[in-house]
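Please read the structure below before turning to the comments.
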Amino acid sequence: MDGSTNVVLTSGPNAGKTTLIRAFQKLGFPVIEEMATEVIREGRYSPIINPLEFRKETLARQKAAELALVSDSRTVIQDRGAYDGQAYCEATGCPEPTFLSELESGIYPLAFVLDPVLSWDDDGIRYEDVDFTYKINPILARRYRNAGAHVVHIPLMPVQDRVDMILSVLREHNNCRR
């Protein structure tokens, strides 16, 4: 792919984001891992006990990771993006703090919203269930669309089919930018 693009894979939990990130990594794409999982594993901030501090730390790490991979010619694939925190606030009834409501728009040209997988894997990190994924996905799509991203729905299908669909959209997007 020619041209720099930071694109987001987003969804509620258990939709295959990490699996897709690994597939794109094998294809040579630079990737940004999900920051929320890292923050939860460290145990300093919890999305349940202190959601605002958790979201602030997650956003700070997200921005730092994005700045570290700034490039003028490579597409970066991200497991979530800055607007996810806004959607999580809305979906969980948490007041949206200023640091989220004042995010600039246009950060990401593309956001791929993934349908959840049919089986539920308890990884010890997720506190939400599959019903939450169905609840938050339309909120994520709206938040990214309102921030200027072209939002593409990725249905549940084999991993390679999802990769091929995303690559097709990326090629089309990059051809339109020239």
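Of all the listed residues (R126, R142, R74), the sole one being surrounded by 15 or more Cβ atoms within 10 Å (Cβ to Cβ), at pLDDT 90 or above and of a type outside the set (G, A, S) is R142. Looking across the range 80-102, the residues that are surrounded by fewer than 21 Cβ atoms within 10 Å (Cβ to Cβ) and part of a helix (DSSP H, G or I) come down to C89, E90, A91, T92, T98, F99, S101. Looking across I48, I77, I40, one residue alone is touching a residue at least 40 places away in the same chain (Cβ under 8 Å), farther than 18 Å from S105 by Cβ and in a strand (DSSP E or B). It is I77. When you look at F29, is it over 20 Å from I136 (Cα atoms), assigned to a loop (DSSP other than H, G, I, E, B) and either acidic (D, E) or in contact (Cβ under 8 Å) with a residue 24 or more places away in the chain (or both), yes or no? Considered against the rule, which asks whether it is over 20 Å from I136 (Cα atoms), assigned to a loop (DSSP other than H, G, I, E, B) and either acidic (D, E) or in contact (Cβ under 8 Å) with a residue 24 or more places away in the chain (or both), F29 comes out as yes. Mind checking whether some residue in the range 103-115 is β-branched (V, I, T), in contact (Cβ under 8 Å) with a residue 24 or more places away in the chain and assigned to a loop (DSSP other than H, G, I, E, B)? Yes, the range 103-115 contains a residue that is β-branched (V, I, T), in contact (Cβ under 8 Å) with a residue 24 or more places away in the chain and assigned to a loop (DSSP other than H, G, I, E, B).
Of the residues making up the range 158-175, at least one is more than 18 Å from the chain's Cα centre (by Cα), small (G, A, S) and at pLDDT 90 or above.
For V8, the criteria (1) assigned to a loop (DSSP other than H, G, I, E, B); (2) within 18 Å of N137 (Cα to Cα) hold in every case but one, which is (1). The condition of being hydroxyl-bearing (S, T, Y) and either over 27 Å from L156 (Cβ atoms) or out of contact with any helix residue (DSSP H, G or I) (no Cβ under 7 Å at 6 or more places or on another chain) (or both) holds for only one of T75, T98, T19, T10, that being T98.
If you go through the range 32-44 and keep only what is in contact with a helix residue (DSSP H, G or I) (Cβ under 8 Å, 6 or more places away or on another chain) and surrounded by fewer than 19 Cβ atoms within 10 Å (Cβ to Cβ), you end up with E33, E38, R44.
The values are calculated or read from the model by the stated rules, or taken from the named source; none is laboratory data. Keep in mind that this is a model prediction, so the values were computed, not measured. Reconstructed Cβ throughout: ideal geometry from the backbone, glycine too, with neighbour counts over all protein chains shown.
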